[in-house]
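Comments concern the structure below.
Computed from the coordinates by the stated procedures, all read-outs in this text should not be read as laboratory data. All figures in this text were calculated on a predicted structure; none of them were measured in a lab. Don't worry about glycine lacking a Cβ; one is built from the backbone with ideal geometry, like all the others, and counts go over all protein chains shown.
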Amino acid sequence: MIRTPRIHARPDHPDFVDLDWTNSITTWTTTRLVNMPEGIHRHEVVFVAYGQGVYAVKELPLRFARHEFEMLRAIEESTRHVARAVGLVERPWVDPDNEWSGAVITAYVPHAFPYRHLVTGTGFGPRRDSLLDALAGLLVELHLHGIYWGDCSLSNTLYRWDASSIEAVMIDAETSRVYPQMSRGQRLEDLAIMELNVAGEMADIAVEHGGSLDDADLGLGTDIAERYVALWKELTTSLVVSAGDHFKIRSRIDRLNGLGFAVDDIDLIPVDGGVNVKIRVKVGGRQYHSEQLRQFTGIDISENQARSILSDLAYHEAKFGGTSSTRKSVAAMKWRSSVFDPLILAISRDLPDADVFQGYTDFLAFRLEMAMERDMDVPNDLAYDEWSASGFPSPGT
């Protein structure tokens, strides 16, 4: 029998034809195999390296592989916080219910790590709040776009440092569905599944660290759900303002932007016979600051990193630039050529394996701490020398 796989690969990525698709990935011996930080998987997963980057290959029954590939592609249109599906492999000679009849290939999330890298003892210690915010924010963003996860858990998510916060990235979409709009019941069901999954994972962590169920952080999932509810209310509750309070519209938009969410549309609906106006806001993706930075400078990074770097840009504009839109653009270009790019070059030289943008935000936090201690501005070159001498500390790690 001729064993010819069907490979669907996206442009700008390898075609993956050099891999041994006639056999299960569990038997591969190719030199492309690499070890990467990973969590617990329901299915077999290996990582392969190409010039374009590292890719995760997951084997699963064909119908599940097709579904997950389609879901990841669809979800990618709504959020950047999802693994990028770049390939689907079908083995037509294998029973479609067999675990290795299909495979999904995703681009490995750069500088990401599994949740167990955040564990301190039987829980998450001082990183607990950041983890709560990351998962609650991810679920809210997905639900705003009609995306039902169906199996949200700590294991089905990768994490990476995002300035002083943590960014969560969805990597598993086997049970996901995309709807025009999610009902309250669907959202609550997704939250209930998350709470159950997270409780089980926290129980496992406690036992693995020599503790008992009494030591487990079984309320972690409930706390994530509570933050989700508060954030959902903030993003979706309508606001009624009177004719003299229209400044509250701008205030509401600024508050949503501060949470990282872009405002796509605003509906102004007359109420009370036209005396008052109800404001209904349609919120887009959680990339307000990253989109701003991309427009100003062409730099494409995560949301909280962008927020921190925009603050540095604003600091230099206030000291050295004007305030008009034209001068602001000039100031941004001057900041990039004389401040940002030299520092990025230095960080990439001194920390070759690090996320250079995270390194930049770590440097900004270090410089701010120096300035507060000395009660004065600290030049970048002096702050960088001190940061280097201190071993390049990061406030997040």
### Query
Separation between the Asp97 and Glu76 pseudo-spin-labels, each 7 Å from Cα along Cα→Cβ, expressed in nm?
3.2 nm
### Message
Could you derive backbone 3J(HN,Hα) for segment 126-137 from the dihedral phi with the Karplus parameters 6.51, -1.76 and 1.60 (θ = phi - 60°), listing whole Hz in sequence and x where the residue is Gly or Pro?
### Response
x, 8, 4, 4, 5, 5, 4, 4, 5, 6, 4, x
### Query
Cα atoms only, the chain: Rg and Dmax in Å?
23.6, 78
### Message
Give me, ordered by chain and number, the residues 5 or more places off Gln287 or on other chains with an amide H under 5 Å from its own placed amide H.
### Response
Ala262
### Query
Given only helices, namely DSSP H runs of n ≥ 4 each adding -39500 (n - 2.57), what is the per-residue ellipticity at 222 nm of the chain, to the nearest 500 deg cm²/dmol?
-13500 deg cm²/dmol
### Task
Name the long-range amide H neighbours of Val86: under 5 Å, sequence gap of 5 or more, or other chain; modelled H, no Pro or chain starts.
Ile105, Thr106, Ala107
### Message
Test of understanding: what is the full-extension gain from Ser337 to Asp204, defined as 0.36 nm times their sequence separation minus their Cα-Cα distance?
### Response
42.9 nm
### Message
Per residue of segment 202-208, what does 6.51 cos²θ - 1.76 cosθ + 1.60 with θ = phi - 60° give for ³J(HN,Hα)? Whole Hz please, x for Gly and Pro, Karplus curve as stated.
### Response
5, 5, 4, 4, 4, 5, 4
### Query
So for the pair Asp254, Asp15, with labels modelled 7 Å out along Cα→Cβ, what separation do we get in nm?
5.6 nm
### Task
Report ³J(HN,Hα) in whole Hz for each residue of segment 111-117, in order, from the Karplus equation J = 6.51 cos²θ - 1.76 cosθ + 1.60 where θ = phi - 60°; Gly and Pro get x.
6, 8, 8, x, 4, 5, 6
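Normalising by the residue count of segment 257-318, find the relative contact order in percent from Cα pairs under 8 Å and 6+ residues apart. Mind dumping the intermediate values first?
Details: 77 pairs, mean separation 17.1, N = 62.
Once normalised by length, the contact order is 28 percent.
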### Task
Could you estimate the translational diffusion coefficient of segment 288-389 from the Stokes-Einstein equation, with Rh from the Kirkwood formula over C-alpha pairs, at 37 °C and 0.692 mPa s, in whole µm²/s?
233 µm²/s
### Message
With just the Cα atoms defining each centre, how far is segment 1-56 from segment 79-140? Give it in Å.
### Response
16 Å
#### Entry: In nm, spacing of pseudo-spin labels at Leu196 and Lys278 (7 Å Cα→C-beta vector)
3.6 nm
### Message
With +1 on the Cβ of every Lys and Arg and -1 on the Cβ of every Asp and Glu, and nothing else charged, how large is the dipole of the chain about its Cα centre, in debye rounded to the nearest 20?
### Response
1340 debye
#### Entry: Listed peptides 73-79, 210-216 by packing density, highest first (mean Cβ within 10 Å)
73-79, 210-216
